[in-house]
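Notes for the one structure printed next.
Derivation of every value follows stated rules applied to the coordinates shown; laboratory data play no part. Please read these numbers as outputs of a predicted model, since none were measured by experiment. Cβ coordinates were reconstructed from backbone atoms using ideal geometry, including for glycine residues, and neighbour counts include every protein chain displayed.
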Amino acid sequence: MVKSAKFSTLNSKGVKEFLAVFAIFLLVGSILLLSYNKGELVFNLNSVANTTLDEFFKLYTDIGLGGALAILAVVFLFIRYYYTILIAASLIGSGILVYLFKQVLFTSYKRPTKVYDIDLFPHIMEGVQFHSHGSFPSGHTLTAFAGAIIIAMTSHRKGIGALTCVMAILVAVSRMYLLQHFFMDVFTGAAMGVMLVLGLHFWLGRYENKLSGNLIYTINKRQKQKVPDLKKA
């Protein structure tokens, strides 16, 4: 029964769609990594930048903040406890991974504006703080893909899984567009986010049926328990 609960979630329409789009992303991304050098894709993206896209991506990139996942966890309290637990575990796991990779293992990895002179970029955005170190991997992208696949797990409606994956890919694009990361950073962050959630689901999936309730159900249940039985009175 434990295995069936785990795999029934992964066999949902949302997850299948998400993984199909994600597989295309990995395939195309692998080709790009083999075809271009480290900074070429960032320069190519920057060459098509404009003020409209600047404003869009400056706002859109915040989807990859941990706070966005925290809000999602609160929302799922009213839908299903299991996904709140999964999101919380993903937040903790992503925080540990990002700290380990950025602050311990790859501390010397610099951001695009530190690897290349900022004056070399055709378009410089106003109001953007360009970070110097901690380039690998992209924490925003990791968080975005973790949240996206969790939403896909909960959906049985056609198109939701594909949509969430595309939205996560746009977060990855935003990190490159804003000159915060190279493609390798976002590519790795995306893979780490998906693998983190899948790993946590296989570990926590045994509790999925036990945590199938939500806050509304719990409140209603407790209120019914407090109501006196008039027939017995």
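Calculate the spin-label point distance for ALA70 paired with ILE118, positioning each point 7 Å from the Cα along the beta-carbon direction, and give it in nanometres.
So the label points at ILE118 and ALA70 sit 2.9 nm apart.
Multiply the residue gap between LYS38 and PHE106 by 0.36 nm, knock off their C-alpha separation, and tell me the result in nm, one decimal place.
Details: separation 68, 0.36 × 68 = 24.48 nm, distance 1.58 nm.
Extending this stretch completely gives an extra 22.9 nm.
Excluding ILE160 itself, what net charge comes from residues whose Cβ is under 14 Å from its Cβ, given Lys and Arg +1 and Asp and Glu -1?
Values: positive: LYS13, LYS16, ARG157, LYS158; negative: GLU17.
Every neighbour counted, the sum reads +3.
For segment 1-153, what is the Kirkwood estimate of the hydrodynamic radius, computed as the reciprocal of the mean inverse distance between distinct Cα atoms, to one decimal in Å? Could the numbers behind the result be given before it?
Working: mean 1/r = 0.0556 Å⁻¹.
Over segment 1-153, the inverse of the mean reciprocal pair distance is 18.0 Å.
With n ≥ 4 as the cut-off for DSSP H runs, can you work out [θ] at 222 nm for the chain, using -39500 (n - 2.57) per run divided by the number of residues, rounded to the nearest 500? Mind dumping the intermediate values first?
On the way: 11 runs with 151 residues, N = 233.
Helix-only estimate at 222 nm: -21000 deg cm²/dmol.
Tell me the net charge near GLU17. Cut-off is 15 Å between Cβ atoms, GLU17 excluded, with +1 for each Lys or Arg and -1 for each Asp or Glu. Don't skip to the end; give the middle numbers.
Working: positive: LYS13, LYS16, ARG157, LYS158; negative: none.
Charge balance near GLU17 sits at +4.
How many angstrom separate the Cα center of segment 109-128 from the Cα center of segment 138-216?
Centre-to-centre (Cα) distance: 28 Å.
Could you rank the peptides 111-122, 155-166 by their average count of other C-beta atoms within 10 Å per residue, with the highest value first?
Numbers: 111-122: 14.3, 155-166: 17.5.
Listed from highest to lowest mean packing, they are 155-166, 111-122.
Which of rounded, prolate or oblate describes segment 76-172 when judged by the alpha-carbon gyration tensor and an a/c cut-off of 1.5?
Values: a/c = 3.27, a/b = 1.73, b/c = 1.90.
Verdict is oblate for segment 76-172.
Against the longest alpha carbon principal axis of the chain, how many degrees, from 0 to 90 and to the nearest 10, is the axis of helix 51-60 turned?
For helix 51-60, the angle is close to 40 degrees.
Quick check: the angle from helix 160-177's long axis to the longest principal axis of the chain, C-alpha only, nearest 10 degrees?
30
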